[in-house]
Amino acid sequence: MIRKLIVAAILGILVSAPGAIAQEGRGRWQEIGIQGTGFLTKDSNGNGINQHATDTGGFLVSYRYHFNRWLAADASYGYARNTQQNFISSGPLSVQANVHQATGALVITSPRRVFKLNPYALAGAGALLFDPTGNVGGFAAGAQSQAKAAFVYGGGADYDFSRHFTLRAEYRGFAYERPDFQLNALHSGATTHTAQPSAGLVFRF
């Protein structure tokens, strides 16, 4: 069920995009990118629970299809690992988890370069899947994998250094409900935000 929800969120954006635009006279092209990322989550609290997630890094792999000079659709998968630290009345309880992200987004690209850069903005939706590692020091009895729907937004800029290769610097933000790993003791109901700065290489074809 979790995988179906993630795939549906991405395909919904990718499939609906072509019908919303008319083909412009400059052809279409595709991109595959890989970026190193930061994964920085804001503290939150709710139901008497104070929550903190450790800052970490990861990677992002993306596929982008350009319908014309200004509109594209993006499908991305990312990975990071952090520890969700929960401070509850009975004491601290931490859960280390692998965080898988799957998102689909529409991308608006400037048709003209700005200081040799191609800026863009994006917005979309997807899911973050928190999968406990079970490692010592970050294990809570009964903790289970949990997916959280997420709104994603951001922007970035590409610098072309050849016809097929581009350097990309990007920022993505995620808004979602804090995971509780299906444990009542960790349910805060709080909404949190994760900042994901990144940089990497893009292949265009």
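When residue 107 is tested against (1) part of a strand (DSSP E or B); (2) under 29 Å from residue 182 (Cβ atoms), only condition (2) is not met. Each residue in the stretch 74-95 was checked for being in a strand (DSSP E or B) and open to solvent by 40 Å² or more (accessible area, probe 1.4 Å), and 7 of them qualify.
Filtering the stretch 164-184 for residues that are on the phi > 0 side of the Ramachandran plot and at pLDDT 95 or above leaves a non-empty set. Criterion applied to 105, 143 was being of a type in the set (Gly, Ala, Ser), touching an Asp or Glu at 6+ places or on another chain (Cβ under 6 Å) and open to solvent by less than 50 Å² (accessible area, probe 1.4 Å), and the one residue passing it is 105.
Right, residue 69: at negative phi, open to solvent by 40 Å² or more (accessible area, probe 1.4 Å) and free of Cβ contacts under 8 Å to residues at least 24 places away in the same chain or not?
no
Residues in the stretch 179-205 that are within 17 Å of residue 61 (Cβ to Cβ) and either free of Cβ contacts under 8 Å to residues at least 40 places away in the same chain or assigned to a strand (DSSP E or B) (or both): 196, 197, 198, 199, 200, 201, 202, 203, 204. For the stretch 144-159, the criterion of being at pLDDT below 95 and in a strand (DSSP E or B) is met by none of the residues.
Do we find a residue being closer than 27 Å to residue 86 by Cβ and either under 20 Å from the mean Cα position of the chain (by Cα) or exposed (fewer than 15 other Cβ atoms within 10 Å of the Cβ) (or both) anywhere in the stretch 165-172? Yes, there is a match, as at least one residue in the stretch 165-172 is closer than 27 Å to residue 86 by Cβ and either under 20 Å from the mean Cα position of the chain (by Cα) or exposed (fewer than 15 other Cβ atoms within 10 Å of the Cβ) (or both). Give the residues of the stretch 160-178 that are part of a loop (DSSP other than H, G, I, E, B) and over 30 Å from residue 202 (Cβ atoms), sorted by residue number. 178 - this is the single residue of the stretch 160-178 that is part of a loop (DSSP other than H, G, I, E, B) and over 30 Å from residue 202 (Cβ atoms).
Scan the stretch 123-142 and report the pairs whose first residue is more than 11 Å from residue 181 (Cβ to Cβ) and whose second residue is part of a loop (DSSP other than H, G, I, E, B), with Cβ atoms within less than 7 Å and a gap of 6+ or a chain change. From residues that are more than 11 Å from residue 181 (Cβ to Cβ), the pairs are 129/145.
The values are calculated or read from the model by the stated rules, or taken from the named source; none is laboratory data. The model shown is predicted, which means the values in this text are computed figures rather than measured ones. Backbone-built Cβ (ideal geometry, glycine too); neighbour counts: all protein chains shown. With ligands, DNA and RNA removed, areas are computed over all heavy atoms of the protein, side chains included. Shrake-Rupley method; radii C 1.70, N 1.55, O 1.52, S 1.80 Å.
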